[in-house]
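Student: Please find one structure pasted underneath; my questions will follow.
Every number here is computed from the coordinates shown, using simple stated rules; none is lab data. Treat the numbers as computed from the prediction; the structure is a model and nothing was measured. Positions of Cβ are backbone-derived with ideal geometry, glycine not excepted, and every protein chain shown enters the neighbour counts.
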Amino acid sequence: MQNYKDLKVWEKAHLFTLKVYEQTKSFPKEELYSLTNQLRRAASSIPANIAEGCGKNTNNELAHFLNISLGLSNEAEYFLILSKDLHYLSEEKFNQLYNLVNEVKGMLIALINKVRA
């Protein structure tokens with residue numbers, strides 16, 4: 001349908017994923033297969049679902065995958081809150097990631113509305 005790499009929301013979601021991977025390197029080793037993995041998977045699935053949706057044939061299918069990305073953004077946001085509350089992320093790093101994922105969410109909502117119009 002379209003090249004996902006041309007979408008600003010995909011670029012922003014990819015940046016968010018890279019930053020999540022960077023920040024979770026310092027999480028405790030006992031979290032490797034739980035919170036670290038869950039946060040990384042949620043983050044990386046956001047741009048992955050955008051990419052998958054762009055390969056579909058209809059706007060309804062694209063909107064479906066964008067909606068999945070939106071749900072994953074909410075999941076990642078929760079894991080960020082949990083990471084901060086467990087003191088794995090500083091307030092500053094939390095705010096950076098939190099603001100970034102919320103930018104992605106806003107962009108996804110706008111794109112979903114545009115695709116469905």
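One line per residue, one yes/no per condition, for (1) in contact with a Lys or Arg (Cβ under 8 Å, 6 or more places away or on another chain); (2) charged (D, E, K, R); (3) closer than 16 Å to ILE109 by Cα:
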| position | (1), (2), (3) |
| --- | --- |
| LEU15 | no, no, no |
| TYR21 | yes, no, no |
| TYR33 | no, no, no |
| ILE46 | no, no, yes |
| ASN57 | no, no, no |
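Student: Can you spot a residue in region 29-50 that is out of contact with any helix residue (DSSP H, G or I) (no Cβ under 7 Å at 6 or more places or on another chain) and in contact (Cβ under 8 Å) with a residue 24 or more places away in the chain?
Tutor: Yes: region 29-50 contains one or more residues that are out of contact with any helix residue (DSSP H, G or I) (no Cβ under 7 Å at 6 or more places or on another chain) and in contact (Cβ under 8 Å) with a residue 24 or more places away in the chain.
Student: Looking at LEU108, LEU66, LEU89, which one is under 27 Å from THR24 (Cα atoms), in contact with a Gly (Cβ under 7 Å, 6 or more places away or on another chain) and either in contact (Cβ under 8 Å) with a residue 40 or more places away in the chain or basic (Lys, Arg) (or both)?
Tutor: Unique residue meeting the criteria: LEU66.
Student: Those residues that are within 18 Å of LYS8 (Cβ to Cβ) and among the small types (Gly, Ala, Ser), I need them from region 56-71; list them, please.
Tutor: ALA63, SER69, listed by residue number.
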